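Here is the structure we will look at.
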Amino acid sequence: MSYCAGWKHKGSIYLLADTVAAVSIPPNRRQLSLGELLTAYREEPVEEVSLKLHCIAPGTVVACTGDSEQAMKVIEFLRGEQGGSASNAELLARLESRIVPFSADSADSADSAVALLVVSSGSDGHAELLRWTAAEGLDQSGSDFFEIGSKTPYHEALSPELRAILASGDLTSDRVLPVLTAIVQSRGARDCTIDMNVEGLIFGLRTEGGTVTWQEDTLVVLYDQAFASSTHVCALARDDELVVHSSDNDLTRVFASPASMLRCRSRDAAWLRRIKAELASDRFRYRVFISTSEKVITVIVRNDFERESRYLRLQAQSNGQFDLALSPELTSLLLRPLLDRSQGAIPFQLSVRED
C-alpha cells in the first residue's frame, strides 16, 4: 500500500509521497503520525517506514512504491549506476537487464511489484519525468502527470481534481507543494485510509535547474468542527531526511533512506537539541489546517517571520501540542461549512492566505 504522484509545472518537476508501507513484521507502534490506529492492509501489517522519495544524484530523485525490501534494492542499484548512465532511460534499461526479474516475477501481487517515478533537472533547463513499473517497463506516453502505487476509486476521482488545479495556472511554484499535499492529506484526516492504500504523512519536493528543494517546514493541524480537540504534526526536511513530530504520541521520528542510515546513527546531542528547538518554534513556513468533519482545507503561508502573524500565534507546550491563538478571520475560515457538496467528485473547500 502506498501512493506517489509526480508532475511538471512551470519548468519544475514535483513529487509527493506518503510514509506508509506493508511490512513483513508487525510494527511496534500502534499509531501513525496523524494519530490513526495501525491496522492491516489486505491482511498484511503496515507501518510508517520511510518517505518514498530518494535523492540519487544532484537534481535527480526517485519515488518508489511496492514491496519495501525490493524497493530498497532497486534504489541502491539506481544510486550506484546513475553516474555511469548517459540518461535516465538508459539507467532504467540497465535496471531491467540486471535485477528486474526478481521484482516482476516474484511479487505476490500487483501491489507489491516495484514501480518508480524518476525525475531530474539540469542547469541547462532540461526537466524530465519518467514512470517505470516492473510489469510494464518504461511508460512512453510522455505525460506531464503520473501516479504510482495502489490506486483506488478515490485516486481515480482525485487525479482530475489535481490536474485541474495545475492546469488553472493560479498557483506559484512555491505554493504548489503545500496546496497539493494538503488536498491529498485531507482525505486521510477524515476517512479510514488504510483500505484506500495511502496514509501517514504526505510530503514532497521539487527539482529545477539541477537543484532539489524539499517542501519547507510545515505544521499540519487536524481539528474537529467544534475545535474541541486537535492533532499537531510538524514536518521538517533536513539533509534529504524527514523529521516528523506528532502531538498524539509526543514522539519524533526521522524517515531516512538506507544511504543516510549511518549519518542517522551518528546524530549527536547538539543535533537533537537543534531539532527539538526547531520543532517547538513558530517558524513554520506553511500552517495547514484540515477539518476532520468536513473537507475544509486552509493553508496559511508565512512570509515574514519577524512580523507578528495576522492569523495565529503558536506557543509550544510540553506535551508536543501547540497552544493556538486564532484570529477571528482564521476561525471563520476553519469552521465554515462545505456548502456545495456536489461540486466535483471529491468536494473540498480550499483557502490559501498570505501572512
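The values are calculated or read from the model by the stated rules, or taken from the named source; none is laboratory data. Please read all numbers here as calculations on a predicted model, not as lab measurements. Positions of Cβ are generated from backbone atoms using ideal geometry, with glycine treated the same way; all protein chains shown enter the neighbour counts. Side chains included, ligands, DNA and RNA excluded: accessible areas come from the protein's heavy atoms. Shrake-Rupley method; radii C 1.70, N 1.55, O 1.52, S 1.80 Å.
Please enumerate the residues belonging to region 57-82 that are more than 19 Å from Tyr3 (Cα to Cα) and in contact with a strand residue (DSSP E or B) (Cβ under 7 Å, 6 or more places away or on another chain).
Gly59, Thr60, Leu78, Arg79, Gln82, listed by residue number.
Here are Glu354, Glu329: which of them is over 17 Å from Thr218 (Cβ atoms) and at pLDDT 80 or above? Lay out the reasoning, then the answer.
Values: Glu354 fails: over 17 Å from Thr218 (Cβ atoms).
Step by step, each of Glu354, Glu329 is checked, and only Glu329 is over 17 Å from Thr218 (Cβ atoms) and at pLDDT 80 or above.
Taking region 219-240, which residues are open to solvent by less than 30 Å² (accessible area, probe 1.4 Å) and in contact with a Lys or Arg (Cβ under 8 Å, 6 or more places away or on another chain)?
Leu219, Val221
Kindly list, by first and then second residue, each pair from a residue in region 210-237 that is on the phi > 0 side of the Ramachandran plot to a residue that is part of a strand (DSSP E or B), limited to pairs with Cβ atoms under 6 Å and residues at least 6 apart or on different chains.
Short answer, once both residue conditions are applied: Gly210/Ser121.
It is to be established whether one or more residues within region 169-184 are at pLDDT below 90, over 30 Å from Gly125 (Cβ atoms) and of a type outside the set (D, E, K, R).
No, there is no match, as no residue in region 169-184 is at pLDDT below 90, over 30 Å from Gly125 (Cβ atoms) and of a type outside the set (D, E, K, R).
Being outside any strand (DSSP E or B) and among the hydrophobic types (A, V, I, L, M, F, W, C) is the filter; apply it to region 114-136 and report the residue that is nearest to Thr213 (Cα to Cα).
Restricting attention to region 114-136, the residues satisfying the condition of being outside any strand (DSSP E or B) are 114, 122-126, 134-136.
Then keep just the ones that are among the hydrophobic types (A, V, I, L, M, F, W, C); that gives 114, 134-135.
Values: Val114: 25, Ala134: 28, Ala135: 31 Å.
My answer is Val114.
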